[in-house]
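Any read-out appearing in this document is the output of simple, stated calculations on the displayed coordinates, not a laboratory observation. If you're wondering where the values come from, they're calculated on a predicted model, not measured in any experiment. For neighbour counting, all protein chains shown are included, and Cβ atoms are generated from backbone atoms with ideal geometry for every residue, glycine included.
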Amino acid sequence: MAGSKLVLEGRISITSFLLGLGVIIIPLLVKFGSHVDWIFDYLTGVNGKIAIALYITVINGFLLIIYKGPLYKVAVRACFLGFVFGCGLIISFADTTWTHFGWYLCSLTFFHYSEYLVTAIINPRSLSLDSFLLNHSVEYTVAAISSWMEFIVEKLLVPELKQMNWVCFVGLIMVLCGEGLRKSAMLTAGSNFNHIVQNEKAQSHVLVTNGVYSFFRHPSYVGWFYWSIGTQIMLCNPLCLLAYTLASWRFFKERVEEEEISLIHFFGEDYIEYKKKVPTGLPFISGIRINS
Ligand code: SAH
């Protein structure tokens, strides 16, 4: 379970994320107390853009001075995620037609930052810059860029498609539930959780079957699966919705099978019994077949 004290990298990441998020203070200061349109002006006006650019430059300079080497690398990533999260919030509350893209920016940056923070809490020994999952795989980056491109192209060609509020709301609910399930799984599994599937059993590795693991065998993958699909529903991106569903399904099918071979090797009968009682939680994925 969570250690009593958060490691230094974790604490630095929180400070840096909050410093980046601080960008939301500028519009509040600039036009505090005036009509709601202020955020719109703030975003589109040249002065607003200069203020945002200046803010992130000053904060980055500050981080460069106070943190050296590897700690700066943590700080700059967390700060960038906090900054984009803040910009997402500004867009979400602005009087524009980009509201749902603002929600998406918040969802994406919160996901990546919280992967790092929760890893720092549950399994600090495995903590590295990769824990942000920012460079997960080439496919993941291509998928993200494709979804931004689809959103922008369709927004220009068929703007009505991007204003289906209730569809976006369904996407938001899926993202929130998926995120909640994934983080509950990480917190439940504690040090048994790892972003890299383990092929050798650590001495401390125990089989987790309680909490969300009593409903699904792979709750963090279930959460991530619905989170990723939810982001595309939120953006009303039909093409990426289809592509994300197929790609995530294939990815998790392979991953679950690979992982279960090791888990059976680690825990033998105990895992086989658990597997009989509890489903994977992923649609049409039943995990590794056991011939007996
Ligand atoms: N598939 C799980 C865990 C993902 S983290 C989920 O979706 O929540 C990957 C690591 O978790 C692997 O190294 C694997 O060995 C370990 N793991 C998976 N299920 C586990 C369980 N029930 N108990 C303990 N460790 C587990």
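Counting residues in the stretch 233-244 that are part of a loop (DSSP other than H, G, I, E, B) and of a type in the set (Val, Ile, Thr) gives zero. Each residue in the stretch 115-143 was checked for being loosely packed, with under 15 Cβ neighbours inside 10 Å and β-branched (Val, Ile, Thr), and 3 pass. Number of residues in the stretch 245-282 that are crowded, with 16+ Cβ neighbours inside 10 Å, part of a helix (DSSP H, G or I) and either among the acidic types (Asp, Glu) or within 12 Å of the ligand (Cβ to nearest atom) (or both) equals 12. When Met149 is tested against (1) in a helix (DSSP H, G or I); (2) surrounded by 15 or more Cβ atoms within 10 Å (Cβ to Cβ), exactly one condition is not met: (2). Using the structure shown, decide if Phe85 is touching a residue at least 24 places away in the same chain (Cβ under 8 Å), buried (at least 17 other Cβ atoms within 10 Å of the Cβ), aromatic (Phe, Trp, Tyr) and in contact with a Cys (Cβ under 6 Å, 6 or more places away or on another chain). So Phe85 fits the description; yes. Leu181: free of Cβ contacts under 8 Å to residues at least 60 places away in the same chain and surrounded by 18 or more Cβ atoms within 10 Å (Cβ to Cβ), yes or no? Here the answer is yes, as Leu181 does meet what is asked. Only one of the numbered conditions (1) part of a helix (DSSP H, G or I); (2) under 30 Å from Cys168 (Cβ atoms) is not met by Ile285, and that is (1). Of the residues that make up the stretch 225-235, is at least one within 12 Å of the ligand (Cβ to nearest atom) and within 21 Å of Ile285 (Cβ to Cβ)? For the stretch 225-235, residues within 12 Å of the ligand (Cβ to nearest atom) and within 21 Å of Ile285 (Cβ to Cβ): present.
Annotation: Ile196 fulfils all but one of (1) near the ligand (Cβ under 9 Å from one of its atoms); (2) under 18 Å from the mean Cα position of the chain (by Cα); (3) part of a helix (DSSP H, G or I); (4) in contact (Cβ under 8 Å) with a residue 40 or more places away in the chain; the unmet one is (3). Remark: Leu105 falls outside the filter, which requires a residue to be surrounded by fewer than 17 Cβ atoms within 10 Å (Cβ to Cβ), without any contact (Cβ under 8 Å) to a residue 40 or more places away in the chain and not basic (Lys, Arg).
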